[in-house]
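Visitor: I'd like to ask some things about the structure below.
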């Protein structure tokens, strides 16, 4: 450990489209709370996700024990298992984006004590975690996942002493970060930190300079408004954002407000380019509106995994994203069962940068 911040040491959080060494996942537990009465029905979407990922990069899966690993292997039977590794890191729930490590990288260390420049260094930030504002206890296993993975990978570890989920932020890898006021400024996360203090921690521990704030999240989102259901960087100054066209839908006004904010934002003094995605029709199950969003895609090395919902807007979303990612396969996977857990592919994944 060092008293210097990651930013001071030359670390930054790379953009998701930069090369990955691996994608990390946490395998769900049947006794977990994420998929009530539908655990087996979400397995096809998980398998399809990993089948696509393993063609792109190494897939690392956290499991509780040997029996848990055996359950996962049964679901994944027939896939190229040489591209899948299992790690003894117990978790409460499967949302690795939020409880997993935030990986940092630095290209060089000009301050090396030996005077030599060391290239390609990885580090992990272990943000505090309280299950989206203490909504879903217990979360003791999830809370320590980043530290466990830093030990497994033998990389430096930093503790910001601030609650933050990975789905609450999105970076362009070049100094800009997108987030939402509804989540990061929510008193159920860091009631003792002012906005300015939160911003400073983001700068110090993620190597960003410009912090761009959007407003509320989408209906049904139990995270209080994660950015990965709203707007995502796809290049240094291009953002994909979801828009609701139905004026009678409760998402119409907040998403219009967020688009208006994006139009006023600048990175390095230059305006942001905005690409829009539609929203699927309202999905309600057992009286609960589910946070279905095409913005919850995951960018892997050779593909982009996009949640679909058997909705007419699926084709529009896939077409728009194919224009955004001409050099990657854009793969739509049915997430009508997965979204019952209130998240899809971005929520489940965490990228490890290649260094």
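The values are calculated or read from the model by the stated rules, or taken from the named source; none is laboratory data. This is a predicted model, so every value here is computed, not measured. Cβ placement follows ideal geometry from the backbone for every residue including glycine, while neighbour counts extend to all protein chains displayed.
Visitor: Hey, can you tell me all the residues within the stretch 267-290 that are assigned to a loop (DSSP other than H, G, I, E, B) and either within 20 Å of residue 228 (Cβ to Cβ) or touching a residue at least 24 places away in the same chain (Cβ under 8 Å) (or both)?
Guide: 268, 272, 279, 280, 281, 282, 283, 290
Visitor: Considering every residue within the stretch 213-225, establish whether at least one is surrounded by fewer than 18 Cβ atoms within 10 Å (Cβ to Cβ) and part of a helix (DSSP H, G or I).
Guide: no
Visitor: Regarding the stretch 46-63, can at least one residue be identified that is assigned to a loop (DSSP other than H, G, I, E, B), closer than 30 Å to residue 235 by Cβ and touching a helix residue (DSSP H, G or I) at 6+ places or on another chain (Cβ under 6 Å)?
Guide: Yes, that holds for at least one residue.
Visitor: Of everything in the stretch 329-355, what is over 19 Å from the mean Cα position of the chain (by Cα) and either under 30 Å from residue 153 (Cβ atoms) or in a helix (DSSP H, G or I) (or both)? Give them in sequence order.
Guide: 329, 355
Visitor: Which count do you get for residues in the stretch 18-34 that are touching a residue at least 24 places away in the same chain (Cβ under 8 Å), outside any strand (DSSP E or B) and over 14 Å from residue 105 (Cα atoms)?
Guide: Residues in the stretch 18-34 being touching a residue at least 24 places away in the same chain (Cβ under 8 Å), outside any strand (DSSP E or B) and over 14 Å from residue 105 (Cα atoms): 7 in total.
Visitor: Picking from 206, 193, 255, which residue would you name as being free of Cβ contacts under 8 Å to residues at least 60 places away in the same chain, surrounded by 21 or more Cβ atoms within 10 Å (Cβ to Cβ) and more than 24 Å from residue 34 (Cβ to Cβ)? Let's see the steps before the verdict.
Guide: On the way: 206 fails: free of Cβ contacts under 8 Å to residues at least 60 places away in the same chain; 193 fails: surrounded by 21 or more Cβ atoms within 10 Å (Cβ to Cβ).
On inspection, the qualifying residue turns out to be 255.
Visitor: Kindly indicate the residue of the stretch 318-338 that is over 16 Å from residue 238 (Cα atoms) and free of Cβ contacts under 8 Å to residues at least 24 places away in the same chain and also surrounded by the fewest Cβ atoms within 10 Å (Cβ to Cβ) among those meeting that condition. Can you show your working first?
Guide: Of the residues in the stretch 318-338, the ones over 16 Å from residue 238 (Cα atoms) are 318-319, 327-338.
Then drop every residue that is not free of Cβ contacts under 8 Å to residues at least 24 places away in the same chain, which leaves 318-319, 327.
Details: 318: 18, 319: 11, 327: 6.
Across the stretch 318-338, the extreme among qualifying residues is 327.
Visitor: Determine which member of the set 261, 247 is in a loop (DSSP other than H, G, I, E, B) and either surrounded by fewer than 19 Cβ atoms within 10 Å (Cβ to Cβ) or modelled with pLDDT of 95 or more (or both).
Guide: Every option except 247 fails the conditions.
Visitor: Considering the stretch 177-212 alone, what residues qualify as being under 24 Å from residue 95 (Cα atoms) and part of a strand (DSSP E or B)?
Guide: If the condition is that a residue be under 24 Å from residue 95 (Cα atoms) and part of a strand (DSSP E or B), then 177, 178, 179, 180 are the ones that fit.
Visitor: Among (1) modelled with pLDDT of 95 or more; (2) over 20 Å from residue 334 (Cα atoms), there is one condition residue 47 misses while meeting the rest; what is its number?
Guide: Residue 47 satisfies every listed condition except (2).
Visitor: Next up: Could you check how many residues of the stretch 129-166 are touching a helix residue (DSSP H, G or I) at 6+ places or on another chain (Cβ under 6 Å) and either assigned to a helix (DSSP H, G or I) or more than 24 Å from residue 60 (Cβ to Cβ) (or both)?
Guide: Result for the stretch 129-166: 4.
Visitor: Consider only pairs whose beta carbons are under 8 Å apart and that are at least six residues apart or on different chains; among these, list those whose first residue lies in the stretch 304-317 and is at positive phi and in a loop (DSSP other than H, G, I, E, B) and whose second residue is surrounded by fewer than 24 Cβ atoms within 10 Å (Cβ to Cβ) and modelled with pLDDT of 95 or more.
Guide: 310/334; 310/336
Visitor: Within the stretch 57-68, take every residue that is free of Cβ contacts under 8 Å to residues at least 40 places away in the same chain and touching a strand residue (DSSP E or B) at 6+ places or on another chain (Cβ under 6 Å) and give me the one that is nearest to residue 21 (Cα to Cα).
Guide: 58
Visitor: So which residues in the stretch 35-56 are within 17 Å of the chain's Cα centre (by Cα) and in contact (Cβ under 8 Å) with a residue 40 or more places away in the chain, if there are any at all?
Guide: At the first step, the residues of the stretch 35-56 found to be within 17 Å of the chain's Cα centre (by Cα) are 46, 49-50, 53.
Of everything in the stretch 35-56, those that are within 17 Å of the chain's Cα centre (by Cα) and in contact (Cβ under 8 Å) with a residue 40 or more places away in the chain turn out to be 46, 49, 53.
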